[in-house]
Every structure is written in C-alpha cells, then in structure tokens.
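One structure below.
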Amino acid sequence: MNRLLLTMLLIIAAGTVFSQPRIGIKGSVEWETMRINAAVSLDMASAGLRIPAGRMQGESVLSAGFLNLIRSSILGLQVDSSTTVGDLVHKGEFSLPETEAIALKANSLPPAFSPDMRHLTTSYTILISNISSAFFRHSRPSPITRTLRPVSSAHYTGIVIIAIESLPVYSMRGTTLAVPCIFPKIWDSDMNLIYERSMLEIGNYNMVRYASSRDIFQNSPSGISEDLRQTVGDRPLRIFARGVFGIVPTDLIIDRSDALLIISTEENRRLLSEGRVAIILDESVLRYEFSGE
C-alpha cells in the first residue's frame, strides 16, 4: 500500500514538473538610454494552450512570468559604488513589493506569435528613472560645495567628464575602467565631494547622462551629438577624469583645478543641481545583457 501511494505521488510530481509553462527572458541594461529592455517568450505547448482559445490565458502567463523573471535584473542594478538594489532590499531599505511596482510601470508592446505559432512573445521597457526616483529621500537639495577662493570661470552650459580609458583606482595599485551606476559621485583630487544625489533639485531623478566617445566627436560646431546636447548644451566644460573611487569603480575623481571652475560661480554650480552632467565611458561598460527562465 505504501509503495502504491509513493508511486502515485511520484507520478503527480512528475506531471507537475512537466506541465510548468516554459517562459524565457532575454534583455539588456542600456545606460546610454537609461533603460532596461526585455523580451519575454512563452512556449504555448508547455502551458497546455492552443490558439486561438488560449491566447488570452497565454498573455496572462506572460505577464506573470515577466514579473518573476525581471526581478533579478532589477535587484542586480548598481545604485552607487557600494550598493545594488538587492543590497537595499537585504538591508530593509527597499522592499520586493516596491521592486514589483517598478516592473509594473514598464512599457510593453502587444504580444505576438512567432512565425511557427509556437511561442507568444512580448517586449518590455523599464525606465531607470522610475527606479532612481524611488531612492530619493530629500525634500530639498543639499548645498553644493563652494570655495573661499573662487577662480575666474566662464559660464558653461553643461559639464562633460571624459573617462573612456582605464584610470588609477584611489588608494590602490592598478587601473580599471569606470562603470555606470544610478548615483555616481564626483570627487576632486583632494577628495572633496563635488557632486552627489542629494544635490539634485527635487523632481530631477537623473544625476548624469552616460554616453560614449562618439557623442563628443561629432562633425558639428560644438562636436556634441544632438541627444547629448539636450543635456549639456553647446558650450560644456570638458574635463578628463583623473581616477576612480569606490568598491565598484563608479565614482570619478577630477583635478582640483577643474572642480574650481565648477564651484566658483553660481551659474556653474547650478549645472550640478540641474543634472546637466554627462559622463563619457568606454562602450563596453555602457550595456550588458541578461537572460533566464
């Protein structure tokens, strides 16, 4: 009797395993556009669904599958030089329901069948600004660092920090490429903090605009691509980063003399509070792919 019961349980368990819908996700985190793009695909046969009757149910399975599969990509997103979204969840500073709420804000395309009609697929886009906005806690911007000895400085329309090559790592031997995060910090060569998230004006959730070298070497009077010009204007201050800082090398170090050009005038300090800052990185770090089932 016990053997018969065990056999029946094994059959039921095997049926449960093999009846699980096969749903896969492929996507990428793209820092230049500040978006997470993902395509989710459902094997209709694995879900026991047939068209046309099973289409609506298939769409429901796809939607639920997206929430489950995109979670790890959101949790793995680098918030700052020492923290991911997942780290904040672990510390109790953010919650899984809040992560799900971000996923639910994704823009999506109507589901469509593959040419062989075996798979139902849809695409989603999550704006990283929807994630960054969840981490703003200040009700007024922090004052930006000033100097008692201001230097003469032109009025710029934005700030471009170039960090496309491997840079020295502060207090360590060796060099590495700077990488993106949601809230990078900028330090001067005396390790004074020049820029961080609390300095942003309320309602502005993008600290920086990430771009590649092609965006600053255009065949135009300003040399700036049209997309980047919307952030930094036609006359940006161009600065070469001198080093990187942080557990993950997301924070940039600029020369003190360059920092003084920014903090010496009210107009240039305002460029920081308005987020008119672009960081130019190597193309290899501006995008990464993910997949899963």
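The values are calculated or read from the model by the stated rules, or taken from the named source; none is laboratory data. Keep in mind that this is a model prediction, so the values were computed, not measured. Glycine gets a Cβ as well: all are built from the backbone with ideal geometry, and neighbour counts include every protein chain shown.
Conditions (1) at pLDDT below 80; (2) outside any strand (DSSP E or B); (3) out of contact with any Lys or Arg (no Cβ under 8 Å at 6 or more places or on another chain), marked per residue:
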site: 23; (1), (2), (3): no, no, yes
site: 29; (1), (2), (3): no, no, no
site: 36; (1), (2), (3): no, no, yes
site: 42; (1), (2), (3): no, no, no
site: 51; (1), (2), (3): yes, yes, yes
site: 68; (1), (2), (3): no, yes, yes
site: 74; (1), (2), (3): no, yes, yes
site: 87; (1), (2), (3): no, yes, yes
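Taken over the stretch 216-240, the criterion of being free of Cβ contacts under 8 Å to residues at least 12 places away in the same chain and surrounded by fewer than 17 Cβ atoms within 10 Å (Cβ to Cβ) is satisfied by 217, 218, 219, 220, 223, 226, 230. Filtering the stretch 153-179 to residues that are crowded, with 16+ Cβ neighbours inside 10 Å and under 23 Å from residue 229 (Cβ atoms) leaves 156, 157, 158, 159, 160, 161, 162, 163, 164, 178. Of all residues in the stretch 163-196, those satisfying the criterion of being in a strand (DSSP E or B) and more than 16 Å from residue 207 (Cα to Cα) are 163, 167, 168, 169, 175, 176, 188.
Residue count for the stretch 117-152 under the criterion of being in a loop (DSSP other than H, G, I, E, B) and either β-branched (Val, Ile, Thr) or surrounded by 14 or more Cβ atoms within 10 Å (Cβ to Cβ) (or both): the result is 7.
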